[in-house]
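Trainee: I am attaching a structure below and will ask some questions about it afterwards.
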Amino acid sequence: MQLTDLVTTRRCALRIDQHDLELTLDYMLDKYLKNPDLATLRQERRIADDSEETLTAIQDLVYISSDSGSLTDMFEGVEFLQDGRFLEDADTPHAEPVTIGERDALVVDLQIDRTGVGYDRNWVGFHRRRWDRHSDLFTDFVAESVEARVGAERAKRIGDLESTGDKADFVHALALRIWEADFENYSRFSGPKLVFKTGDETVLNIIGGRGGICSEKVQAVKFLTDHYGLESEYVLSGPATPDPVPEERLRQLLNTLDFRFSKRFMRYWQHLALLYRFDGMEILVDATNGNVPFLFLSGPEAEGVLGYESKRSVRVRMAVKEEDFYYHRVSQDIVEDMIFAMEGWIPYVDLVQVFENELGLCITKDYMVAPVVFRTETSFDTMRREYLRVSDEAGLDCEVSDEWGLVGPIGEAFEMEEPGKVEHIMDSYDHLLDRYDEAHGPGHEAGLAVIRLAS
C-alpha cells in the first residue's frame, strides 16, 4: 500500500497481507493507517524506517488526537482517492501490477485529499503523540542541552523545576541550544525534504546536525517546554509598526489563503518568538538566530519590547539589511493556524522561504548562501549584477557563480569553516531544481551566491 498526502506531499509505503486486498477502504485504513501493528511490520521488514516515520506523521493529518495522544475520529473533510476517483468507505480499493526492481508486485495506491479540512488540530494531543514517538531522543536532548549550559550539578538540581530560577535557567538553556543550531532552508531539499517542519521534526533535524528557520525553531522550543508543563504563548514579530496587530485581517488571510495585496499585513507575522509565564514572571524568548540576536528578556526589559501602551523595537540584521522588529502579543489561534497552513496549504512554501522571504539556503554569523536559479545567461547576469549591487551598497563582499559550487575565495573560506553545511547545500541541488521546475516550468539551472556578512 502506498499513501500520499496531497497537501504536504508526504508519502509512505508498507507491505500488506495479500488477503487484505479484499478489505473495504474503511477496514483497510483502520488496520494499516489508524491502528497498524508497527512492531510486527518492522519485525517482518514490511515497512522501512522512513516510511514508518511518515506513516505516523500522516496519522496526525488524518485523525484527531485526544489530549492523551490517542487517535479518535477522522478529521471532517478528509477524502481518499484512487486514480483520480473519490472512494467511499464501503469501496474496495483495487491493486495495480507493478515491477519494483526485478520483482513483480501489486500496489494499492491511495491519495489523501485534505482540501476540505479546517484548522481543527488539537495541539496538546498532537505534541503528546509526537513526544511519545521519540521520547528517549527528546529526553536526552533536553538533558544534554541543560547540562551543557549550567553544568552537571546544577542540571540535576533544576531538573524538578521547583523554583522560578530553575524554570528560567531551564528555558534559557534549551532556547540557546536551539538558537545555536543552523538557521537554514537546505533541509527542505535534502534528507527528508519536508516543506515545513513541526516542532518535533525540527528538534530531530537539530539532533541530526541541521536546523531550521524562525517559525520552526520557535515551535521546537515550545514543543520541548510544553512537555515539562511550562506555560508559553507565541508572539508575532516583524518590520511592521508598534500599532496593534490587525487580527481579523490576518484571520481572513488564513481562511482564504489569498495573500495578494496583503504585503502591509504580512509584515506582522514575518517572525515568531515566545512569551513564557510562570510564578508571576514574563520572559520574552527569541531563539531564531540567522543574525537575529538571542533574546531572553524579563521584567521591564520584556515590557519595553511588548508593552501595550508603547514599545521599543529590536534591531536585527537579516542578511544584508538591518531592520527594526516589533514584537506583539496576539491571539494564539492566529499563530497556530498560520503554522498549520505553512505545513502544506501555502503552495511551494519551501520555495517561498528561500526566494520570496530572501532567507536563502543558510545564514550564519559570517555568511549567507543563496541559490540563483535561471534559464538563460541573460537572466543569470541580471541576478548576478543585482546581488553584487545590493551587497556593495551594504558594504559586503559577494560572489555569484552559475555553477552549483563554491569556486571563489569567499566560497572557499565558507567551505573550510563550515564543511558540514556545505555538504547539505550540495545535496540540495536536485530536489530544489525539481521543485522550482514544478512551480515555474522546466528548463532551469542553478548557481550559488555567497555573501560575507558583517560581524
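The values are calculated or read from the model by the stated rules, or taken from the named source; none is laboratory data. Just so it is clear, the structure is predicted and the values come from calculations on it, not from any experiment. Note that we place each Cβ from the backbone using ideal geometry, even for glycine, and neighbour counts take in every protein chain shown. The protein model used for the area step is the full one, side chains on, heavy atoms only, and it has no ligands, DNA or RNA in it. Shrake-Rupley method; radii C 1.70, N 1.55, O 1.52, S 1.80 Å.
Trainee: Using alpha carbons only, what's the Rg to Rh ratio of the range 1-98 with Rh from Kirkwood?
Mentor: 0.94
Trainee: Quick check: residue separation of K31 and D160 times 0.36 nm, minus the Cα distance between them. What number comes out in nm?
Mentor: 42.4 nm
Trainee: Determine the shape class of the range 193-264: with a ≥ b ≥ c the square roots of the Cα gyration tensor eigenvalues, call it rounded for a/c under 1.5, and otherwise prolate if a/b is greater than b/c, oblate otherwise.
Mentor: Because a/c hits 1.5 or more and a/b exceeds b/c, the range 193-264 counts as prolate.
Trainee: Can you tell me the dipole magnitude for the range 53-107 around its Cα centre, using point charges on the Cβ only (Lys, Arg +1; Asp, Glu -1), in Debye to the nearest 20?
Mentor: Using Cβ point charges on Lys, Arg, Asp and Glu, the range 53-107 gives about 140 debye.
Trainee: Hey, any idea what % of the range 94-199's accessible area is carbon plus sulfur with a 1.4 Å probe?
Mentor: Taking all protein chains in place, the range 94-199 shows 47 percent carbon and sulfur surface.
Trainee: Let me ask you something else. For the range 25-126, report the accessible area per residue in Å² (1.4 Å probe, heavy atoms, rounded to an integer).
Mentor: Result: 54 Å² per residue.
Trainee: Let me ask another. Treating each Cα of the range 140-263 as an identical point scatterer and ignoring solvent, apply the Debye formula and state log10 I(q)/I(0) at q = 0.10, 0.19 Å⁻¹.
Mentor: -0.42, -1.08
Trainee: Hey, another quick one. Taking the Cα centre of the chain as the origin and placing charges on Cβ (Lys, Arg +1; Asp, Glu -1), which of S68, C362, A287 is farthest toward the positive end of the dipole?
Mentor: Comparing the listed Cα positions along the dipole, A287 ranks first.
Trainee: Could you give me D for the range 327-455, from Stokes-Einstein at 20 °C and 1.002 mPa s, where the hydrodynamic radius is the Kirkwood radius over C-alpha pairs? Units µm² s⁻¹, please.
Mentor: 133 µm²/s
Trainee: Calculate I(q)/I(0) for the chain by the Debye formula, one identical point scatterer on each C-alpha and no solvent, and give its log10 at q = 0.06, 0.08, 0.10 Å⁻¹ to two decimals.
Mentor: Those come out to -0.29, -0.52, -0.81, one per q.
Trainee: Spin-label point model (7 Å from Cα, Cβ direction): what's the R45 to R260 distance in nm?
Mentor: Each label point is offset 7 Å from its Cα along the Cβ direction, giving 5.4 nm.
Trainee: Any idea how far apart N122 and E377 come out in nm if each label point goes 7 Å out from Cα toward Cβ?
Mentor: So the two model labels end up 6.2 nm from each other.
Trainee: Work out the length of the dipole vector of the chain about its Cα centre, built from +1 on the beta-carbon of each Lys and Arg and -1 on the beta-carbon of each Asp and Glu, and round it to the nearest 20 debye.
Mentor: 1080 debye
Trainee: Among the listed pairs K167/K222; K193/K222; K193/K421; K321/K365, which are separated by more than 18 Å between their Cα atoms?
Mentor: Table pairs above 18 Å Cα-Cα are K193/K222.
Trainee: At what distance in nm do the modelled label points of D434 and V407 sit from each other, each positioned 7 Å from its Cα along Cα→Cβ?
Mentor: The two pseudo-label positions are separated by 2.6 nm.
Trainee: In terms of the Cα gyration tensor, with a ≥ b ≥ c the square roots of its eigenvalues, is the range 369-435 rounded because a/c is under 1.5, prolate because a/b exceeds b/c, or oblate?
Mentor: Oblate, because a/c is 1.5 or more while a/b does not exceed b/c.
Trainee: On a full-extension model of 0.36 nm per residue, what is the gain between E76 and E144, subtracting their alpha-carbon distance, rounded to one decimal in nm?
Mentor: So the chain would gain 20.4 nm between E76 and E144.
Trainee: Quote to one decimal, in nm, the extra length available between D83 and R317 on full extension: 0.36 nm per residue of separation minus the C-alpha distance between them.
Mentor: 79.4 nm
Trainee: For the range 216-228, what does the Karplus curve 6.51 cos²θ - 1.76 cosθ + 1.60, with θ = phi - 60°, yield as ³J(HN,Hα) per residue in whole Hz, taken in order and with x for Gly and Pro?
Mentor: Result, rounded to whole Hz: 7, 5, 5, 4, 4, 5, 5, 4, 5, 6, 4, 4, 9.
Trainee: Now, a different point. To the nearest 20 Debye, how big is the dipole of the range 235-387 about its Cα centre, given +1 on the beta carbon of each Lys and Arg and -1 on that of each Asp and Glu?
Mentor: The calculation lands at about 420 debye.
Trainee: Just to be sure I follow: if Rg is taken over the C-alpha atoms of the range 66-161 and Rh is the Kirkwood radius over the same atoms, what is Rg/Rh?
Mentor: With Rg and the Kirkwood Rh in hand, the quotient comes to 1.23.
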